[in-house]
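One structure is given here, and the rest of the page talks about it.
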Amino acid sequence: MVPEGQPACVIDFDGIDAVSGPFVVFDGVDGSGKSTLVAATARLLGARGFDVVVTRSPPREAVERPLYLRYLHEPASRDGIDYRGLVAVLTGERLQHAHETLLPAIHAGKAVVCDRYVYSAAAHLMARGYAHEPWFLDLCRHLPRPSRLLPLKTKAEYEPEDIAALVASKAVERAQRCAAVARRVARKQR
């Protein structure tokens, strides 16, 4: 619960600003147009002379972690997963991604365009009743502050069948990635 008189979730990036180059974040639910807008923004910035880095946070490798895959593909086991633990794993991946990818690109003056960021984790935590998690907010302080955040939501005019088809196609893609990870793990164990 949120202590009385305090905001539900305020991410303080501790003054780590993206001052050398633009750092643009598109965040939103699946199917809201993030990938399309990331690609279009990258093209636009490139046409304006920027060296552009397109990325996502957490990076793809992070969502192949066993805990995340279990949460995603084994709905019956979700009650046995502490969602804060899952967010902690993904936030750790985001911190490392910032250290290895975001900050070097920003400091080099490159334009960074990012598909998702820490805001989606905050929204997911709040939706599950974890509105005030000091540990999470403390970790977020070490991430660079975007120069622009563009939160997206799905269009209300989408038909439920369209959304279902999109969700189904995403599920197939995720299952294929999960199978590929399982094959790599199996090869390493031989």
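Summary table below
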{"quantity": "Selection count where residues are open to solvent by less than 70 Å² (accessible area, probe 1.4 Å) and under 14 Å from the mean Cα position of the chain (by Cα), scope region 48-60", "calculated": "5"}
{"quantity": "Check on Leu45, hydrophobic (A, V, I, L, M, F, W, C), open to solvent by less than 40 Å² (accessible area, probe 1.4 Å) and either part of a loop (DSSP other than H, G, I, E, B) or touching a residue at least 24 places away in the same chain (Cβ under 8 Å) (or both)", "calculated": "yes"}
{"quantity": "Qualifying positions in region 100-146 - under 23 Å from Val53 (Cβ atoms), open to solvent by 50 Å² or more (accessible area, probe 1.4 Å), touching a residue at least 12 places away in the same chain (Cβ under 8 Å) and not in a loop (DSSP other than H, G, I, E, B)", "calculated": "His107, Tyr119, Leu139, Arg145"}
{"quantity": "Residue match in region 81-88 (condition: buried (at least 18 other Cβ atoms within 10 Å of the Cβ) and modelled with pLDDT of 65 or more)", "calculated": "yes"}
{"quantity": "Test set (1) open to solvent by 20 Å² or more (accessible area, probe 1.4 Å); (2) among the charged types (D, E, K, R); (3) touching a strand residue (DSSP E or B) at 6+ places or on another chain (Cβ under 8 Å) - Lys34 fails condition number", "calculated": "(1)"}
{"quantity": "Flag if Leu67 is in contact (Cβ under 8 Å) with a residue 24 or more places away in the chain and surrounded by 13 or more Cβ atoms within 10 Å (Cβ to Cβ)", "calculated": "no"}
{"quantity": "Residue match in region 29-40 (condition: in a helix (DSSP H, G or I), without any contact (Cβ under 8 Å) to a residue 12 or more places away in the chain and closer than 18 Å to Arg128 by Cβ)", "calculated": "no"}
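The values are calculated or read from the model by the stated rules, or taken from the named source; none is laboratory data. Predicted model only: the values in this text are computed from it and were never measured. For neighbour counting, all protein chains shown are included, and Cβ atoms are generated from backbone atoms with ideal geometry for every residue, glycine included. Side chains included, ligands, DNA and RNA excluded: accessible areas come from the protein's heavy atoms. Shrake-Rupley method; radii C 1.70, N 1.55, O 1.52, S 1.80 Å.
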